[in-house]
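Working notes for the structure below.
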Amino acid sequence: MKSSLLSTTAVAAMLKVNESTVKRWTDKGSLRCIKTPGGHRKYKMKDVVAFMDQFAYDVTDLLVPAKESLSSVNVSTDYALLTKDFAALSDLFYNTCLEGNRENTFQYLHLLYANRISQPEIYDRVVFPAFAKIGMQWSAGNLGIEQEHLASNTAMHAIIKLQDHITKRPSHGKVAVCGCLEHEHHEIGITCVNNILESNGWTTYYLGTDLPTESFIDAIEQHVPALVCI
């Protein structure tokens with residue numbers, strides 16, 4: 001997707017400063033820009049975000065430019081990240097999963113996490129809506145079973161790989177057992193629950209899907225968890 005370009009006016013409005021201040025930052029080299037053939041300054045959203053990170057700019061109350069002010073017709077990934085446009089981010093994830101490129105899908109989730117979108121937000125606001133859409137498209141006959149399976153396996157690979165990059169809290173000693181009972185083969189939801197617990201200091205035992213009830217009970221008796229997630 002084409003990267004959005006912001007005008008000096010749009011950046012100034014977003015950061016609540018005068019245009020002359022933006023131009024001064026640019027001339028000093030603090031804020032990168034692109035010069036058009038006509039000599040106008042244009043800014044990539046990612047460069048504005050990098051500027052805010054470098055100088056600890058408060059992003060809690062920014063005036064974000066309207067989509068109409070962007071040079072790109074489409075909502076860019078940069079814009080969606082900055083504004084936390086979860087509908088757009090989830091649609092991008094939906095498309096990436098259906099393409100079946102596991103590394104690209106992981107890199108996309110890692111990009112979200114690196115841009116201050118928390119692990120619960122990634123799951124609740126990006127992953128789950130995307131798979132609700134996949135389920136509806138499959139029910140409507142717009143997606144084949146093979147496409148649904150490809151998307152699910154692609155997402156699972158990315159979710160598992162992302163877990164290695166999540167900052168985890170120290171263990172507090174509590175144990176959780178997570179899994180799906182027999183006849184339940186959908187794994188993404190329970191995997192996300194397991195990962196959230198693990199990231200928050202729980203020792204987790206993940207039992208997977210389609211587990212007989214008796215076997216689940218055996219696991220509970222063996223591990224004596226403080227929490228059981230089914």
Original post:
Out of all the residues in the stretch 99-112, is one or more charged (D, E, K, R) and crowded, with 16+ Cβ neighbours inside 10 Å?
Top reply: yes
**OP:** Pairs only if they're at least six apart or on different chains, beta carbon under 6 angstrom, first in the stretch 143-156 and at negative phi, second small (G, A, S); list them, first residue then second.
**Re:** L150/G100; T154/G100
**OP:** Please work out if I196 is of a type in the set (A, V, I, L, M), at pLDDT 95 or above and more than 22 Å from N115 (Cα to Cα).
**Re:** no
Original post:
Here are some residues: I188, I166. Which one is under 15 Å from F93 (Cβ atoms) and either surrounded by 14 or more Cβ atoms within 10 Å (Cβ to Cβ) or touching a Leu at 6+ places or on another chain (Cβ under 8 Å) (or both)?
Top reply: I188
**OP:** Can you run down the residue pairs with Cβ atoms below 9 Å, 6 or more apart or on separate chains, where the first is in the stretch 22-38 and exposed (fewer than 14 other Cβ atoms within 10 Å of the Cβ) and the partner is hydroxyl-bearing (S, T, Y)?
**Re:** R24/S30; I34/Y43
Original post:
Among the residues of the stretch 121-162, which ones are surrounded by 14 or more Cβ atoms within 10 Å (Cβ to Cβ), farther than 18 Å from E103 by Cβ and among the β-branched types (V, I, T)?
Top reply: I134
**OP:** Might you let me know whether the stretch 90-97 holds any residue that is of a type in the set (D, E) and buried (at least 16 other Cβ atoms within 10 Å of the Cβ)?
**Re:** yes
**OP:** Please enumerate the residues belonging to the stretch 211-230 that are under 26 Å from Q119 (Cβ atoms) and part of a loop (DSSP other than H, G, I, E, B).
**Re:** P225, A226, I230
**OP:** Return a yes/no flag: does the stretch 167-189 have any residue that is part of a helix (DSSP H, G or I), touching a residue at least 40 places away in the same chain (Cβ under 8 Å), under 22 Å from Y205 (Cα atoms) and not assigned by TED's automatic domain parsing to the domain that holds A50.
**Re:** yes
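The values are calculated or read from the model by the stated rules, or taken from the named source; none is laboratory data. Small disclaimer: the values here were computed from a predicted structure and weren't measured. For neighbour counting, all protein chains shown are included, and Cβ atoms are generated from backbone atoms with ideal geometry for every residue, glycine included.
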